[in-house]
Amino acid sequence: MRLFGLERGFPLVPLIAFTPFVIALAAAAFVIAALLRRRTAALVAAVAGLVLALLVAPRALGGPTEPDGTRGPTLRVLTVNTRYGRASPEAIVALVRRTRADVLSVQELTPNLIVGLDRAGLGDEMPFYTLEPKLGADGTGLYARMRLQPAPRPVGTQSAMAAAATRVPGGPMVQLLAVHPAAPDPGSVDEWRQDLNALPDAEPRGRFRVLAGDFNATLDHAELRRLIGTGYEDAASVVGAGLHGTWPEGRKVPPAVVIDHVLADKRAGVRAVSVHTIPGTDHRAVFAELVLPRR
């Protein structure tokens, strides 16, 4: 199912997110079958485990990369899902300062959280913003240290995904998108797929894009792999941090999976990626330090 992207509907779509953990189950099945001398079952478990390991292992390998062409400026991107706006504004602003983030993508942005972030001093660090606040889970926003320009955003998605463009001195114009598609819950898998398919494809010879947010999808979902295949790279996987779970934080069951991502145009390099706990939300923030090609 994972190899050929055959997951469809509920519960297969959410279950495919746990593919990395199935490797351990396949190993256990192989041991049990071997002990019971069930050769066919042991062979099936071994093949399944090997295939899954080959698909998943590259996310834990790799290291810093350089951009295509001449190395240009650095762009530091931070993304956090705030769980209905309940995340600590002070902790978010402190993380912005600590990482020296240039861009902050916020999901589940509410009017109250905007006020809290302003009081915590985010405006001193990032005076430019494009905000689409909503009550509940559908709001998003982009904050930046650099001036932002209007940019087209996906049409017909469940959440209003904030979009903007900015130029980093010495680098290309960067199209930014705060991503938050519908969750693949019972009755909403079609909306989830529609939202993911509405995200803009990369333009390897055109506009330079960075998509950051809660994709509600892992690299084991065919829809996200299709999007990346148009010319993006998952920053965490590039540097070997692609198995650092981001949701649900603070719970043992289910185990944390990687649904929060920074996707960058393949022309960029990736210097570092880290994940961070923010009080008040069940998502871990993701920070990526990108190296842009020189303009």
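Give me the residue from the stretch 137-147 that is of a type in the set (A, V, I, L, M) and within 25 Å of N216 (Cβ to Cβ) and, out of that set, surrounded by the most Cβ atoms within 10 Å (Cβ to Cβ). Working first, answer last.
First, the residues of the stretch 137-147 that are of a type in the set (A, V, I, L, M): 137, 142, 144, 146.
Now restrict to residues that are within 25 Å of N216 (Cβ to Cβ): 137, 142, 144.
Working: A137: 21, L142: 28, A144: 24.
Once the filter is applied, the top-ranked residue is L142.
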Next item on the list: Take L142 and decide whether it is at pLDDT 95 or above, assigned by TED's automatic domain parsing to the domain that holds H261 and outside any loop (DSSP other than H, G, I, E, B).
Entry: yes
Next item on the list: Tell me which of these H261 doesn't satisfy, since it passes every other one: (1) crowded, with 20+ Cβ neighbours inside 10 Å; (2) more than 11 Å from the chain's Cα centre (by Cα).
Entry: (2)
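With the structure loaded, tell me whether E132 is in the same structural domain as A163 (by TED's automatic domain parsing), within 22 Å of G245 (Cβ to Cβ) and in contact (Cβ under 8 Å) with a residue 12 or more places away in the chain or whether it fails that test.
Numbers: in the same structural domain as A163 (by TED's automatic domain parsing): yes; within 22 Å of G245 (Cβ to Cβ): no; in contact (Cβ under 8 Å) with a residue 12 or more places away in the chain: yes.
Here the answer is no, as E132 does not meet what is asked.
Anything in the stretch 274-295 that is among the β-branched types (V, I, T) and surrounded by fewer than 24 Cβ atoms within 10 Å (Cβ to Cβ)? List them, or say none. Outline the logic, then answer.
From the stretch 274-295, those among the β-branched types (V, I, T) are 275, 277-278, 281, 286, 291; that's our starting set.
Within the stretch 274-295, V275, T277, I278, V291 qualify.
L61: under 21 Å from the mean Cα position of the chain (by Cα) and loosely packed, with under 14 Cβ neighbours inside 10 Å, yes or no? Explain how you work it out, then say what you get.
Working: under 21 Å from the mean Cα position of the chain (by Cα): yes; loosely packed, with under 14 Cβ neighbours inside 10 Å: yes.
Criteria met by L61.
Given the residues R98, R83, R76, which is the only one that is in contact (Cβ under 8 Å) with a residue 40 or more places away in the chain, among the basic types (K, R) and either in a loop (DSSP other than H, G, I, E, B) or surrounded by fewer than 17 Cβ atoms within 10 Å (Cβ to Cβ) (or both)? Outline the logic, then answer.
Working: R98 fails: in contact (Cβ under 8 Å) with a residue 40 or more places away in the chain; R76 fails: either in a loop (DSSP other than H, G, I, E, B) or surrounded by fewer than 17 Cβ atoms within 10 Å (Cβ to Cβ) (or both).
Just a single option satisfies the conditions, and that option is R83.
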Next item on the list: Find all pairs meeting these conditions: Cβ atoms under 6 angstrom apart; at least six residues apart or on different chains; first residue within the stretch 237-249 and of a type outside the set (A, V, I, L, M); second residue part of a helix (DSSP H, G or I).
Entry: S237/R59; G240/A60; G242/R59; G242/A236
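For the stretch 263-276, does any single residue satisfy the condition of being on the phi > 0 side of the Ramachandran plot and either in the same structural domain as G85 (by TED's automatic domain parsing) or in contact with a Pro (Cβ under 9 Å, 6 or more places away or on another chain) (or both)?
So far as the stretch 263-276 goes, no, none of its residues is on the phi > 0 side of the Ramachandran plot and either in the same structural domain as G85 (by TED's automatic domain parsing) or in contact with a Pro (Cβ under 9 Å, 6 or more places away or on another chain) (or both).
Grab the strands (runs of 3 or more DSSP E) fully contained in the stretch 227-295, keeping just those with 2 or more residues being charged (D, E, K, R). Spell out the reasoning first.
Working: elements: 232-234, 260-265, 269-277, 284-293.
Output list reads 232-234, 260-265, 284-293.
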Check: Given V253, V291, V273, V258, which one is over 17 Å from P154 (Cα atoms) and free of Cβ contacts under 8 Å to residues at least 12 places away in the same chain?
Finding: V253
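So that you can scan it fast, the table gives a plain yes or no per residue for (1) at negative phi; (2) in a loop (DSSP other than H, G, I, E, B):
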| site | (1), (2) |
| --- | --- |
| G123 | yes, no |
| L135 | yes, yes |
| P169 | yes, yes |
| G187 | no, yes |
| W192 | yes, no |
| A202 | yes, yes |
Checklist line | Checklist (1) in contact with a Leu (Cβ under 8 Å, 6 or more places away or on another chain); (2) within 21 Å of D195 (Cα to Cα) applied to V270, failing item | finding: (2)
Item checked: Residues of the stretch 149-170 satisfying the condition of being free of Cβ contacts under 8 Å to residues at least 24 places away in the same chain and either among the aliphatic types (A, V, I, L, M) or more than 29 Å from G69 (Cα to Cα) (or both) -> A165
Check: Could you give every pair whose Cβ atoms fall below 6 Å, whose first residue belongs to the stretch 171-183 and is surrounded by fewer than 21 Cβ atoms within 10 Å (Cβ to Cβ), and whose second residue is at pLDDT 95 or above and among the hydroxyl-bearing types (S, T, Y), counting only separations of at least 6 or pairs across chains?
Finding: A182/S188
Next item on the list: For E132, state whether it is modelled with pLDDT of 95 or more, touching a Phe, Trp or Tyr at 6+ places or on another chain (Cβ under 9 Å) and charged (D, E, K, R).
Entry: no
Check: In the list I92, I16, which residue meets the criterion of being under 21 Å from the mean Cα position of the chain (by Cα), part of a helix (DSSP H, G or I) and assigned by TED's automatic domain parsing to the domain that holds P254?
Finding: I92
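The values are calculated or read from the model by the stated rules, or taken from the named source; none is laboratory data. Nothing here was measured: the structure is a model prediction, and the numbers come from that model. Cβ sites come from the backbone with ideal geometry, for glycine too, and all protein chains shown count toward neighbours.
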